[in-house]
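Undergrad: Let me begin by handing over the structure; questions about it come next.
The values are calculated or read from the model by the stated rules, or taken from the named source; none is laboratory data. Source: prediction; values computed, not measured. FYI the Cβ positions are ideal-geometry reconstructions off the backbone, even for glycines, and counts take in every protein chain you see. Heavy atoms of the whole protein, side chains included, go into the accessibility calculation; ligands, DNA and RNA do not. Shrake-Rupley method; radii C 1.70, N 1.55, O 1.52, S 1.80 Å.
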Amino acid sequence: MSHPVDAAPDGLPPPPGLALVRLAAPLVPRDRRGDWLAEWAGELAWARDDAARRGEPAALTHLRLAWRALGALSDALWLRRRHGASDMLSLDVKYAARSLRRRPGFTAVVVLTLALGIGATTAIFSVVNGILLRPLAFPHPEQLVFLRGVPTDGDVEKVSPGTSYPDYLDYRAQTSSFSQLAATRGLEVTLTARGLEPSRVRASLITPNFLATLGITPVLGRDLVDGDDDPGAAAVTVVSHQFWQQRLGGTAAALGRVVTIDGIPTTVVGVMPPDVRLLGDTQLWLPLTVGELELIRGKHTLSVVGRLKPGVTRAAAEADARAVARRLELAYPSDNVKRTVTVEPLRETIVDDTRPALLVLLGAVTMVLLVGCANLASLFLARASARERETAVRTALGAGRGRLVRQWLTESLLLTLGGGAAGLLVAWGGMRALLGAVPRTIPRADEVALDGPVLLFLLLVSVVVGLAFGVLPVLQLRRGDPSLTALRDGGRGATAAAGGRRLRQALVVLEMAVATVLVVGAVLLLGSFRRLVDADPGFRPDGVAVMHLQLPAARYDSTTKVVRFYEQLRDAVAAIPGVQDVAVSYEHPLSEGWTSSYVIEGQPQPRPGTEPEARVRPVMPGYFRTMGVPLVAGRDIAEADRMGAPGAVVVNEAFVRRHFPGGDAVGRRLHRMAWWPGQPETWTIVGVVRDEPFEGLGSAGQPATYFSFAQFPFNEMWLSVRAEPAVLASLVPALRERVWRLDRDLPVEQVATMRELMGQSVATPRFNAALLALFALAALLLAAVGVYGVLSYTVAQRTGEIGVRLALGAGRGRVVRQVVGQGLAVALAGVALGVGGALALGRVLASLVVGVSWRDPLLLGGVAAALTAVALVAAWLPAWRASRIQPAVALRGE
């Protein structure tokens, strides 16, 4: 006899700990559960009353009884073992394994489908986890933030995300929300050492507290310290673990070794830990020495990283920093006008540009898994209908509904766990393939791994899918007495429940809807990618190679030396047989570069700090001819445009559209501050050229100013060479020989054709489009299989009916039309629902597509027509088979 357990035997409220006992109750065999609960309730009530008599504090009583109630778990498990529940579980597993072994086709289809679906989803999730979700590998990473410069009015042309060194000092002195603020700037340096070929390596200039702010301690040697950044201090560097092993021998003797960086002997004082991945491929960390350029308040080129004080929220820190930014804007309007700041989590800053695409891909692969699960759900429902006679026999022999549900759950869990195990191999292979194809611009890609969270995700998906499929057959259990009904039907399932039929049709509607959404998304991305590839770049990329060079400032310390070197190099390369044109320029047509301000003579003068911005591109004569950029008006930069001569500048059409809508730009003048002694401050526009795609293929033209390199010299420049195809393929050795003839310590590494650079510029959209197209194709095939499977099952269930109709004179064409009509009705409902979903989700893809509208009726109509055609083919096959049924055979079977 069981006892009530909602209250203690004395009528008082339930004693503390009883809730924990109830959680363990399902483990106790059903026939003993009531007595077991009553015994535990009485025991806890007696303990509560005894504590009250002893005057024990209520809080202590609750804690002691909760601890005592935990013993109910072991007690329940003991009863379960004692009364054979574990044996029943073992029997369930054995029976399920035998049942699945008897149906190898069904088992293989389910396991393979789950392996592909779960494996692909896990592979994408591993990338999302490694890039977006995994905390940064630093102490208390949630405290690390990035101070990003933003405009107060949305004018991003005037406000860069960086910070100037004077502003950084003011933030550090005037804010109270940060325990540390540090600054850094990335660059490439020339490394030379005895016995090594000169090379370019990635470096970071950092304030001495930068590594301490992140919580990084060198594994060997010391960190940078105050005084290392003083002008005239001995040059020192901390090197990466990889650099230490590959270039310095990986021994402690590397400390104190001198390497030459940009012509300056530099001592190695420390080695970074091996797992520092935040800074990408940075090999050297150098002290940020403050010179004249760093003291310019308007030079916003530093990245500022901070660590919040414990207990300080990001919102409070942002309000604190914005108050300082407002004071700086008022105090220095010419340098900080319209400039404020946001405080962002450092992890989000690093992955900000990749987040939308990765989340879209994760959503897409999840949809594919959903379509696969819908197909499998139809299989499980069909199998449950086919097993109605077996279910009826077992029910007639005394098996309860709970027993049947447990058996089905066991079978489905075995299948999905097997699919999950196979999916682990798919996930590993898919992850490796993704990492091999992912563009190099994706941050934190080296942190992607099948680690604990990813494996937990795989297990969770497998278990959830298994439980869902195990519960589905319950929906097929007939009302009333299933044993009598199914036994009377003879076990053929000829009168399948209408509810089960509707559920299978609903699953197909869902599959078609999801497939429609994915196909629309894939067509959008593929169309966008095609527009990028087919867009007119504004120059002739074929037959052109570019090489990056950086002259060390320690040896090339005057504009005269810089100009002389590049002119000599241009002439030497032009003498190579097969070379048609050579030019020297700051960057190339696909480089974003940087901007600088100016004023137009004769136009209203802007307020200080609000001057227009245009890209700065110093070039040598012949650059436009070498790159194939058409000259629209005026002339090219000439050899006579040198220091001491009047300033000459060529502008592009975007510049003309902004300032001279009438097109009369040639001969007009602009003014800008001189950066070098003898440099002109007034520049006459001598020519107009077409726009180059600085922000990528297909982007709108941005105003640009092309100055004469001799009047605007930089140590860092790009050499462009147009040559015959045969010469271009073997150009690197010849370029290296010409460079080293002038300077043996200059590295010659970064040589690429413009076609290669164009391919790199569209690598990310190509990757996104290809992957989404693959997912869309998988979803479309699965949806077609779903339509085919439902109609095939319907035809099989209605074999007798179709045979009778054919025997009574119904035409075979009418049978085909009826079956196809049923399939198309379901498919069209799914397509209509999918088009609505695509319209609702189109905004998600809007940031990833260029030149393609997600509301284009032709696109949506074309996708709907294509999916309808696929559904038509899938529906025709079972319809044709139905029309081939022989009436006599069908009636004999009935």
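Undergrad: Within segment 556-576, which residues are assigned to a loop (DSSP other than H, G, I, E, B) and surrounded by fewer than 16 Cβ atoms within 10 Å (Cβ to Cβ)?
TA: Hits for segment 556-576 are Asp557, Ser558, Ala575.
Undergrad: Still on this model: When you check Gly527 against the structure, is it on the phi > 0 side of the Ramachandran plot and either out of contact with any Phe, Trp or Tyr (no Cβ under 7 Å at 6 or more places or on another chain) or surrounded by fewer than 22 Cβ atoms within 10 Å (Cβ to Cβ) (or both), yes or no?
TA: So Gly527 fails the test.
Undergrad: Same structure, new question: Taking segment 605-637 as the search range and keeping residues that are more than 40 Å from the chain's Cα centre (by Cα) and among the charged types (D, E, K, R), which one is least open to solvent (accessible area, probe 1.4 Å)?
TA: Among those residues, the one meeting the criterion is Asp636.
Undergrad: So which residues in segment 540-579 are aromatic (Phe, Trp, Tyr) and touching a helix residue (DSSP H, G or I) at 6+ places or on another chain (Cβ under 6 Å), if there are any at all? Even if it seems obvious, please write down each step before you answer.
TA: Step one: list which residues in segment 540-579 are aromatic (Phe, Trp, Tyr), which gives 556, 565-566.
Passing the criteria: only Tyr556.
Undergrad: So Ala783 ticks every box in (1) in contact with an Asp or Glu (Cβ under 7 Å, 6 or more places away or on another chain); (2) modelled with pLDDT under 70 but one. Which box is left unticked?
TA: (2)
Undergrad: Just the residues that are polar (S, T, N, Q) and either in contact with a Gly (Cβ under 6 Å, 6 or more places away or on another chain) or buried (at least 17 other Cβ atoms within 10 Å of the Cβ) (or both), please, taken from segment 140-158.
TA: Gln143
Undergrad: Kindly check whether there is at least one residue in segment 38-47 that is small (Gly, Ala, Ser), open to solvent by less than 70 Å² (accessible area, probe 1.4 Å) and at pLDDT below 80. Walk me through it before giving the result.
TA: We begin by selecting, within segment 38-47, every residue small (Gly, Ala, Ser); these are 38, 41-42, 45, 47.
Those left that are additionally open to solvent by less than 70 Å² (accessible area, probe 1.4 Å): 38, 41-42, 45, 47.
Filter once more, so that each one left must be at pLDDT below 80: none.
No; the residues of segment 38-47 include none that is small (Gly, Ala, Ser), open to solvent by less than 70 Å² (accessible area, probe 1.4 Å) and at pLDDT below 80.
Undergrad: Take Ala137 and decide whether it is more than 30 Å from Leu330 (Cβ to Cβ) and surrounded by fewer than 18 Cβ atoms within 10 Å (Cβ to Cβ).
TA: The answer is yes for Ala137.
Undergrad: Sticking with this one: For segment 355-462, please list each of the helices (runs of 4 or more DSSP H) lying entirely inside it that holds at least 3 residues being of a type in the set (Gly, Ala, Ser) and modelled with pLDDT under 80.
TA: 355-386, 401-437
Undergrad: Further question on the same structure: State the number of residues belonging to segment 58-80 that are under 18 Å from Pro14 (Cα atoms) and not hydroxyl-bearing (Ser, Thr, Tyr).
TA: The total comes to 14.
Residue-by-condition table, conditions (1) open to solvent by 40 Å² or more (accessible area, probe 1.4 Å); (2) out of contact with any strand residue (DSSP E or B) (no Cβ under 7 Å at 6 or more places or on another chain); (3) over 30 Å from Ala614 (Cα atoms):
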residue	(1), (2), (3)
Gly701	no, no, no
Glu716	yes, no, no
Ala726	yes, yes, yes
Asp745	yes, no, yes
Arg766	yes, yes, no
Ala776	no, yes, yes
Leu780	no, yes, yes
